[in-house]
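Before any comments, here is the structure.
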Amino acid sequence: MTPDLMEEGAQRFEKLQTASVLGRTESGGRAAAYGRLHTPGEVDTTHGRILYLEDVHVSFDGFKAINGLSLDIAPGELRCVIGPNGAGKTTMMDIITGKTRPDKGQVFFGSTIDLLRHREAEIAAMGIGRKFQKPTVFEQLSVYENLELALATDKRVRHSMVFRPTGEEKDRLGEVLTTIHLADSAARQAGNLSHGQKQWLEIGMLLMQDPKLLLLDEPVAGMTDEETERTAQLFLTLKGKHSLMVVEHDMGFIRTISEKVTVLCDGAVLAEGTLDEVQADERVIEVYLGR
Ligand SMILES: Nc1ncnc2c1ncn2[C@@H]1O[C@H](COP(=O)(O)OP(=O)(O)OP(=O)(O)O)[C@@H](O)[C@H]1O
């Protein structure tokens, strides 16, 4: 690298640091208008929202999968999202995680991070973890090694061939093992776990990254009743420390964990409230039973 390039790089770095200390978005406008100082790398939730979607639209070949979707989630909230097949639940998660780009609308992480300006990997690194329906653990590795590997995705270890957790990281690994009910199975090969245990392990792998927001797509599908009950307890333990958005069809599970439920239909919010409130809503009854 030439001295000129080094100087240019240093200036760019300084500019970026200054911008992030001022809490500016890449577009410069929104956060600068608030003029709020916050720690770089932290999500600014001083406006009471960790996630904010406004008037989001996505069409696939002219079909409006998301059609004016607006919703927000408070820090530490456990939000359940329900809706009939094809309502747009997965597409909404794809938009939040940067997998799908909307045609129109706003998607913010906290008050200042415009998610539409970031790529999928950047969004994950900023603290939005996503759990797909099917568990994807490394079957040949032990439970402990799977969790170690989740730690090893950070920058520090990407550049080293061998990963050795620090004492602090080992403590965290132990905590996560207990949280996901797998403390007695640390040495077991992941491929030998039950379906439910694999789901918990994958959630544990996300937790190793200490995500601020967790998006969970049908987490209890295929679980036994006992596993479903344990998963409910797990989510109740996680809320507060993390914000969770749970998409699920299992109403018994939703009843156990939910405070506020959002009903999606035809790519937009149809109703919002407690489970009892939305279940009593004529429009919700119509979309679930009337089709
Ligand atoms: N890549 C795509 N190309 C074309 N259509 C798509 C695409 N992705 C989603 N869709 C359509 O958009 C609509 C919303 O799909 P989405 O998977 O988000 O719904 P969902 O609420 O998650 O449904 P389910 O409960 O069945 O998982 C559906 O009609 C689906 O067929």
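How big, on average over all directions, is the shadow cast by the Cα convex hull of the stretch 209-274, in nm²? Mind showing how you got there, number by number?
On the way: hull surface 20.3 nm².
In nm², the orientation-averaged hull projection of the stretch 209-274 is 5.1.
Which FRET efficiency value, to the nearest 0.05, is calculated for Glu168 and Asn192 with the Förster distance at 22 angstrom and r the Cβ-Cβ distance? Don't skip to the end; give the middle numbers.
Working: r = 29 Å, r/R0 = 1.34.
After rounding, the FRET efficiency stands at 0.15.
Estimate the FRET efficiency between Val269 and Glu175 by the formula 1/(1 + (r/R0)^6), using the beta-carbon distance for r and 35 Å for R0, to the nearest 0.05. Let's see the in-between values first.
Details: r = 36 Å, r/R0 = 1.02.
It comes out at approximately 0.45.
Picking from Leu173, Trp200, Ala232, whose Cα lies most toward the positive end of the charge dipole for the stretch 127-248 (charges on Cβ: Lys, Arg +1; Asp, Glu -1)?
Highest projection toward the positive end goes to Leu173.
So, counting K/R as plus one and D/E as minus one, what does the shell of residues with Cβ under 12 Å around Ser142 add up to? Walk me through the intermediate numbers first.
Numbers: positive: Arg188; negative: Glu139, Glu145, Glu148.
My count for the surroundings of Ser142 gives -2.
What is the calculated FRET efficiency for Phe60 to Lys134, with r their C-beta to C-beta distance and R₀ = 30 Å, to the nearest 0.05? It would help to have the intermediate numbers written out before the result.
Details: r = 22 Å, r/R0 = 0.74.
My answer for the efficiency is 0.85.
Can you give the local net charge around Glu218? Use residues other than it whose beta-carbon is closer than 12 angstrom to its beta-carbon, Lys and Arg +1, Asp and Glu -1. Write down the numbers at each step before the final one.
Numbers: positive: Lys89, Lys131, Lys134; negative: Asp217, Glu248, Asp250.
Neighbour charge sum, excluding Glu218 itself: 0.
5 Å is the cut-off here: which amide hydrogens, built 1.01 Å from N in the peptide plane, fall below it relative to Ile66, excluding neighbours closer than 5 in sequence?
Long-range HN contacts for Ile66: Val58.
Just to confirm the filter: which GluC sites (Glu not before Pro) across the stretch 186-291 are DSSP coil and have at most 16 other Cβ within 10 angstrom of their Cβ? Don't skip to the answer; put the middle values down first.
Working: sites: Glu202, Glu226, Glu227, Glu229, Glu248, Glu259, Glu272, Glu277, Glu282, Glu286; in loops: Glu248, Glu259.
Those satisfying the criteria are Glu259.
How far, in nm, would the chain grow between Leu141 and Asp281 when pulled straight, counting 0.36 nm per residue and subtracting the alpha carbon separation?
45.7 nm
As a quick test, which of the pairs Lys170/Lys260; Lys64/Lys198; Lys170/Lys239 have an alpha carbon distance above 30 angstrom in this structure?
Numbers: Lys170/Lys260 35 Å; Lys64/Lys198 35 Å; Lys170/Lys239 23 Å.
Result: Lys170/Lys260; Lys64/Lys198 exceed 30 Å.
Suppose we take every Cα in the stretch 41-96 and form the convex hull; what volume per residue is that in Å³? Display every interim value, and only then the final one.
Working: hull volume 5.4 nm³, N = 56.
Hull volume normalised by residue count: 96 Å³.
Throughout, read-outs are computed from the coordinates displayed, never taken from laboratory work. Treat the numbers as computed from the prediction; the structure is a model and nothing was measured. Don't worry about glycine lacking a Cβ; one is built from the backbone with ideal geometry, like all the others, and counts go over all protein chains shown.
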